[in-house]
Structure formats: structure tokens, C-alpha cells
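See below for the structure under consideration.
Just so you know, all these numbers are worked out from the coordinates, no wet-lab data involved. Everything numeric in this text was worked out from a predicted model, so none of it was measured. We place every Cβ from the backbone using ideal geometry, glycine too, and count neighbours over all the protein chains shown.
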């Protein structure tokens, strides 16, 4: 028992001696912390790069640049800071150990990164022969083909335009165009259609169709 007490006392002294240097080291490391701030800009046009990911050594992500490219976080002297963005080449910077004071500023320039992807061709069929076979031999239903033909006929389109009511926007545009035409020729005689080539062309077409022939009375 007498031999055990000195041993316990020696272990306690050794433990206290080990804690004192660790505490001093922690205080020294705490004194090396600085506020690291700066801007992340493009190298060619000096434009701000928002949302750039910033990591500190093995500590992981420590911050991001804001919409103006500004960043600010706590780091330590001698740390290696990584900057990476999906559109730019990744870069790193080391904070000097000789920094005086508790603040360090810098402007980080990133270069545009170009990624060339291999050519990819998307085809509806695995081979050209399969496409040619389907294109030639595919049976189109008669009802769908007939419906498409009717929808594209000129008389059907005119009938649909006649039955369809004009909305407020179309009516307003037509009214504004009419008023603009009246105001444009205000104080002068408007042009006559007798000098219009389009009107003469319509006249000749009507003449050929016989629109001006007298109809026989029954």
C-alpha cells in the first residue's frame, strides 16, 4: 500500500505535465485564427462569381461566395483554402504564416473551364434500315388522314375563322389600326385604289371569272 501511493502521485503529476503543454498549444492555435475575406472574380472580365464553394483543408466546406462574389470566414495561418465552381477550374491558395494582425484579404481569380462532351446521336430506331421499313410500310388510319385533310382545306379554315369570335385583344388591335390610318391621312386625301396593283390584279381575276356578266332573268 505504501508503494502504491507514490505511484499514483507520480501518474497524477505526469498527467498534469501533459495537460499544460496541450493547453498552451491550444491557446497558441487560438491566437493564430484570422478572419479571411475577399472576392471571387472571373480572370477574363473580373465579374463576380456567386455561389463558389470554399473549403478549408481537411475541415470541409466552410463557406460560399454570395451574389457579389464576396466571402468571409474564420481560418488559421498556414491553412490551404480550396475554391471550386462547376463552371470554372478549381484553385487553391495558402494563407501565409507571416500574416500580421487578425485579418487577411485577397481577390481570387478563377478561369473558365471548358468541358467537351462526346457526340451523342439520339435516334428513334436502332438502325436506318428499321426506320426506312417503318416509314414505308406503316399503315396510317383513314379516319386520321381524312380528318387532317379536312382541317387543312381552305374553305374549312375560312368557316372556322367566320364562326370564331374575335377576342378583346384582336378587336383592340383592329380599332387602333383603323384610327392610325385615319390620323395618318388627316388633312389630305387618302390614296385611291385605282393606283393599287393589287386592286387591278383582283379586278382582272374577277373579270376572267365572269363576275361582271349580267345574269339572265328567269
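Side notes on the structure shown:
- Seen through its C-alpha gyration tensor, with square-root eigenvalues sorted a ≥ b ≥ c, the range 68-131 comes out prolate because a/c lies at 1.5 or above while a/b is bigger than b/c.
- Averaged over residues, the count of other Cβ atoms within 10 Å places the peptides 131-138, 88-95 in the sequence 88-95, 131-138, highest first.
- The Cα-based radius of gyration of the range 172-213, divided by its Kirkwood radius, gives an Rg/Rh of 1.19.
- Here the spin labels are modelled as points 7 Å beyond Cα on the Cα-Cβ line, and at residue 121 and residue 61 they lie 4.0 nm apart.
- The packing ranking, built from the mean of other Cβ atoms within 10 Å per residue, places the peptides 157-169, 46-58, 98-110, 69-81 in the order 69-81, 46-58, 98-110, 157-169, highest first.
- What the pair-distance distribution of the range 32-110 shows, using all Cα-Cα distances binned every 10 Å from zero, is 20, 55, 24, 1 percent.
- Centroid-to-centroid separation of the range 139-218 and the range 54-86 [C-alpha atoms, Å]: 68 Å
- Normalising by residue count, the range 73-218 has a Cα convex hull of 515 Å³ per residue.
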